[in-house]
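Contents: one structure, followed by commentary.
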Amino acid sequence: MPDRIPLSVPHLPPSAHTYLKECLETNFVSSVGPFVAKFEEAFAKAIGARYAVACSSGTAALHVALRLAGVTTDSEVAVPTFTFIASVNAISYNGARPLFVDSEARTWNLDPNQIVDEVEERARRGETLPSAIEVVHILGYPADIEPILRLGQNFEIPVIEDAAEALGASYVEGPLAGRQVGTVGRLGCFSFNGNKVITTGGGGMIVTDDPELADSAQHLTTQARVAGLEYIHDEVGYNYRLTNIAAALGLAQLELLDEYLEKKRAISSRYTERLSGLGLESREHTSWASPSYWLYCGLLPDHAAPIPSLLSKLGDLGIEARPVWSPIHKQKPYAGSRTLGGHIAESIAARAVSLPSSVGLTEEEQERVIVALETILGD
Ligand SMILES: *Cc1c(COP(=O)(O)O)cnc(C)c1O
């Protein structure tokens, strides 16, 4: 039996070992220590944001970012239904509720037309508008955010970006050309969980260009403790800081980000090229987007066997592949939530599979995946 090919596993370079050793030797293992600030500074610089505040997870980052955008009990936050559930749970942690928005067929991200129409229609009728719009750049593909930013400006609705899966993706045309995802909304959030573009074991980042929001993010993630020796806290905060050990890991990988993205791009174009003949559809290429290709994900042809059977056949060949998320408006905690459309998200979810996309995937391994799919889908 050949080695198992995992879906997406971390790449830990030699510098990670060096930096971790430094943490151990200097006794800085908690959230106090020089790597946290170094990682924050390097991260902000890498993506072109003014400030970056490291957090214990991407979910924690979203929780705080939404709170800083003014989301509170009884707020309604527009969010795509086709996303990982953490995007939506962060709304609930703030006591608020989601307004689910369907995907657009080309990028699978939330459909800007639906949210624009909904807000304009509500405004005409004098109804309450959503308190915030959370745009998610799923699977490394930049969302069509420009119309949403304009909507946010016109109606004074803050736009928050969940860029957990899209570190390194950017806009290359139009008014946002040259800007990275996560830096165009009021606040942007990233994740460094185990299978993301870079990983700190667990961790996240809030980025913003607003110095006051950056200060508040820092404050809320450290138990809202007021500077000084005494234990004075001026609001309810959280223990959400990243540790020095985690930041050391993050910094080591961030230094290799360009290489990682290059590798992911090569993996994705190889799949696209080789699998299109089998009827596996990749996302449409839009000229304004430069994706990060975090995880290659394709749509199975209509005639293909159901996904569970495909995944188990691949599993028998030592290849890990996965379905994508079930749309969140269909999941128990959010059943019955207000939802704009939803059928496109449902049809994508029914046909999409993610294929092995680790930075360390070799060409031979990828060839094995492709040949396996040719055999299974060609049957
Ligand atoms: C991974 C992920 C998160 C949550 O990040 P964690 O670091 O796992 O808490 C949020 N949103 C999306 C879209 C994600 O993929």
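Relative contact order (percent) for the range 68-166, with alpha-carbon contacts under 8 angstrom and 6 or more residues of separation?
On the way: 179 pairs, mean separation 28.6, N = 99.
Once normalised by length, the contact order is 29 percent.
Could you work out the Kirkwood radius for the range 241-349, taking every pair of different alpha carbons, averaging 1/r and inverting it, reported in Å? All intermediate terms of the calculation are to be shown ahead of the outcome.
Details: mean 1/r = 0.0577 Å⁻¹.
Computed over Cα pairs of the range 241-349, the Kirkwood hydrodynamic radius comes out at 17.3 Å.
Of the cross-linked pairs Lys21/Lys264; Lys264/Lys332; Lys38/Lys264, which ones have a Cα-Cα span greater than 31 Å in the structure shown? Mind showing how you got there, number by number?
Details: Lys21/Lys264 29 Å; Lys264/Lys332 34 Å; Lys38/Lys264 25 Å.
The answer is Lys264/Lys332.
Reducing the range 348-365 and the range 180-219 to their Cα centroids gives an inter-centroid distance of 26 Å. Each residue of the range 2-14 is assigned a 3J(HN,Hα), and the resulting list reads x, 4, 6, 9, x, 5, 7, 10, x, 10, 10, x, x Hz, derived from the Karplus form 6.51 cos²θ - 1.76 cosθ + 1.60 (θ = phi - 60°), x at Gly and Pro. Between Ala46 and Thr26, residue separation times 0.36 nm minus the direct Cα-Cα distance comes to 4.5 nm. With just the Cα atoms defining each centre, how far is the range 279-299 from the range 106-134? Give it in Å. Using only Cα atoms to place each centre, the spacing works out to 25 Å. Can you give the FRET efficiency for Asn113 and Ser15, using 1/(1 + (r/R0)^6), R0 = 51 Å, r = Cβ-Cβ distance, to the nearest 0.05? Here the calculated transfer efficiency is 0.70.
Report the gain in length on full extension from Glu374 to Ala350: 0.36 nm times residue separation, minus Cα-Cα distance, nm rounded to one decimal. Write down the numbers at each step before the final one.
Numbers: separation 24, 0.36 × 24 = 8.64 nm, distance 2.04 nm.
Here the segment from Glu374 to Ala350 would lengthen by 6.6 nm.
Amide hydrogen proximity for Tyr293: with H placed 1.01 Å from N in the peptide plane, no residue at 5 or more positions away or on another chain lies under 5 Å. Listed by chain and number, the lysines placed with their C-alpha closer than 21 angstrom to that of Lys263 are Lys196; residues fewer than eight positions away on the same chain are left out. Summary of the geometry: the range 67-83 and the range 1-38, compared by the centres of their Cα atoms, lie 33 Å apart.
Pick from Gly228, Gly201, Gly126: which is most flexible by mean-square fluctuation in a GNM of the chain where alpha carbon atoms under 10 Å apart are linked? Answer for the Gaussian network model of the chain: Gly228. Exposure proxy ranking for Cys189, Cys23, Cys297, based on other Cβ atoms within 10 angstrom of each Cβ and starting from the fewest, stands as Cys23, Cys297, Cys189. Taking the range 143-242, which GluC sites (Glu not before Pro) meet the DSSP loop condition and have no more than 11 other C-beta atoms within 10 Å? When the GluC sites (Glu not before Pro) of the range 143-242 are filtered for loop state and at most 11 Cβ neighbours within 10 Å, Glu156, Glu230, Glu235 remain.
One way to sum up the overall shape of the range 163-294 is the equivalent ellipsoid from its Cα gyration tensor, whose semi-axes run 36, 18, 12 Å, largest first.
What's the FRET efficiency of Ala123 with Thr73 using the Cβ-Cβ distance as r and R₀ = 22 Å, to the nearest 0.05? Don't skip to the end; give the middle numbers.
Details: r = 23 Å, r/R0 = 1.05.
Efficiency, from the Cβ-Cβ distance: 0.45.
Of Val53, Val159, Val226, the residue with the greatest mean-square motion in the GNM of the chain, using alpha carbon springs below 10 Å, is Val226.
Treating each Cα of the range 43-171 as an identical point scatterer and summing with the Debye formula, the log10 of I(q)/I(0) at q = 0.11, 0.12, 0.15 Å⁻¹ comes to -0.36, -0.43, -0.68. Proximity of backbone amide H atoms, modeled 1.01 Å from N, is registered between Ile319 and Ile5 at under 5 Å, excluding neighbours fewer than 5 places apart on the same chain. How much FRET efficiency would the formula 1/(1 + (r/R0)^6) give for Ile85 and Glu235, where r is the Cβ-Cβ distance and R0 is 30 Å, rounded to 0.05? Efficiency for this residue pair is about 0.65.
Here the simple spin-label model places points 7 Å from the Cα toward Cβ, and for Thr286 and Gln331 these points are separated by 2.3 nm. Comparing the chain with the 2.2 N^0.38 Å rule of thumb, its C-alpha radius of gyration ratio is 1.00 (two decimals).
Just so you know, all these numbers are worked out from the coordinates, no wet-lab data involved. Remember, it's a predicted structure, so these values are computed and weren't measured experimentally. So basically every Cβ, Gly included, is an ideal-geometry build from the backbone, and we count neighbours across all protein chains shown.
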